[in-house]
Amino acid sequence: MAKYNFISSILLPVFLIALVSCNGGTKGAADNKETEVLPEDIVELRADQIKLANIQTGTIEMQSLSGKLKVSGIVAVAPQNMATVCMPMGGFVKSTTLMPGNVVQKGQTLAILENQEFVDIQQNYLEAKNKFEFAEADYKRHSELFKNDVYSAQNVQQVTSDYKNLKAQVKALEQKLAMIGINPANLHEDDISSSVTVVSPISGFVKAVNINIGKYVAPADVMFEIVNSDKLFLELTLFEKDADKVIAGQKIQFFINNETEQHEAIIYQTGKSISADKTYKVYASVPGVCKNVLPGMYVNAIIEASGNQVTALPSDAVVSFDDKDYIFIFDKNKEEGGKPFTEYRMIEIHKGVMDSGFIEVILPEGFNIQTAKVVIKGAYNLLSAKKNAGDMAC
């Protein structure tokens, strides 16, 4: 709501009439040696002044206002839609063709690495596999002989131990091969290679490339960062006082950068705690694909706050002065020197949500909304009269 303004076309006649009235009133006061002192929260006007100031009264209503919350936040992506690509055993980069921004598919080759250790682990696996196959056959044969009392229990125990040790060794080497991208089922003696391919674990676009041909990549080094932006969400920050105004399922309109294009999102989860800075997190999913919306972008959003039955007035009924908000109510009619006057009382209130030209008003304790006649038009003129009480009030 805009701060109060002088409406010169209306107020100037009001002030001129008031000035004439006050001059006459001052003379009468001098004759009677009495001067009326109005309370700080009272403004009085004559009938002609009320007409010129276009003062109209009404009642406070109970309305369901949804309101709008303006918040900010960032575009984020779920952890399962981001991937950091490393090589557990390291190696030298043999080739890569990717650059930041390239689109990749799940399983697509990102780079080829070379390392002597790749050869060693393949050799160890094939040797262990061959020994295991022999040990497995020996284990079965000794087990049958033990059943026929041909072999002693001690011999069977030794064969069983060797069999299980080799089985564990083979399984461990299979896991190591899988970690560097080699399928043990497809590995044979003629297929040993010093090179392995690094593939993309998800579909998306390449956010970062941290390698080049010939560079040695250590196991902890990040080679690529892949982001899937098909399923984005917003992480919005609200103030603590607005925490009860949002629920899951509410729609959000948001904007990125300085664009005028509006995007939509839907709240799917609200925060479960208040941060140390008294803020509250709200998370909203972005359906479909939004053009130019990327993870990490700053957004401004508008949330349609949930509607509640609240005490409300037209927006013009509320005025602001000295960082406080007020309404005027009819106080009483009176007569002075044979002339009728009307008194209006200034009441401090607190504003709530705004919607469709109405505003929620939080009234002081003991305020009777059933009998109060509130100034719904001309409130700014009354505020001007209050500020110029020396000229307006007689």
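The values are calculated or read from the model by the stated rules, or taken from the named source; none is laboratory data. Computed from a prediction, not measured in an experiment: that's the story for all the values here. A quick note on method: Cβ atoms are made from the backbone with ideal geometry, for glycine too, and the neighbour counts reach across all protein chains shown.
Just to be sure before I move on: is Ala243 assigned to a loop (DSSP other than H, G, I, E, B) and outside the structural domain of Ser95 (by TED's automatic domain parsing) in the structure I sent? For Ala243, the condition - assigned to a loop (DSSP other than H, G, I, E, B) and outside the structural domain of Ser95 (by TED's automatic domain parsing) - is not met. Residue count for segment 23-43 under the criterion of being outside any loop (DSSP other than H, G, I, E, B), at pLDDT 65 or above and closer than 15 Å to Glu335 by Cα: the result is 1. Being under 13 Å from Val196 (Cα atoms) and either assigned to a strand (DSSP E or B) or in contact with a Leu (Cβ under 8 Å, 6 or more places away or on another chain) (or both) holds for only one residue in Phe118, Phe132, Phe92, and it is Phe92.
Glu240 passes every criterion in (1) surrounded by fewer than 13 Cβ atoms within 10 Å (Cβ to Cβ); (2) in contact (Cβ under 8 Å) with a residue 40 or more places away in the chain; (3) under 30 Å from Gln49 (Cα atoms) apart from (3). Taken over segment 339-391, the criterion of being of a type in the set (Phe, Trp, Tyr), touching a Lys or Arg at 6+ places or on another chain (Cβ under 7 Å) and farther than 24 Å from Val37 by Cβ is satisfied by no residue.
Scanning segment 332-374 for residues that are within 25 Å of Arg46 (Cα to Cα), surrounded by 19 or more Cβ atoms within 10 Å (Cβ to Cβ) and out of contact with any Gly (no Cβ under 8 Å at 6 or more places or on another chain) yields Phe341, Tyr344, Met346. For segment 44-87, the candidate set comprises residues that are at negative phi and part of a loop (DSSP other than H, G, I, E, B); within that set, the residue that is surrounded by the most Cβ atoms within 10 Å (Cβ to Cβ) is Ala53.
For segment 285-297, state whether one or more residues are of a type in the set (Lys, Arg), closer than 30 Å to Ser203 by Cβ and in contact (Cβ under 8 Å) with a residue 60 or more places away in the chain. The answer is no, given that none of the residues of segment 285-297 is of a type in the set (Lys, Arg), closer than 30 Å to Ser203 by Cβ and in contact (Cβ under 8 Å) with a residue 60 or more places away in the chain.
Within the set of pairs 6+ apart or on separate chains, which have a first residue in segment 208-233 that is within 14 Å of Pro79 (Cβ to Cβ), a second that is of a type in the set (Gly, Ala, Ser) and outside any strand (DSSP E or B), and C-beta atoms under 8 Å apart? As it stands, the answer is Ile226/Ser200; Asn228/Ser203; Lys231/Ala78; Phe233/Ala78, since those pairs meet every condition given.
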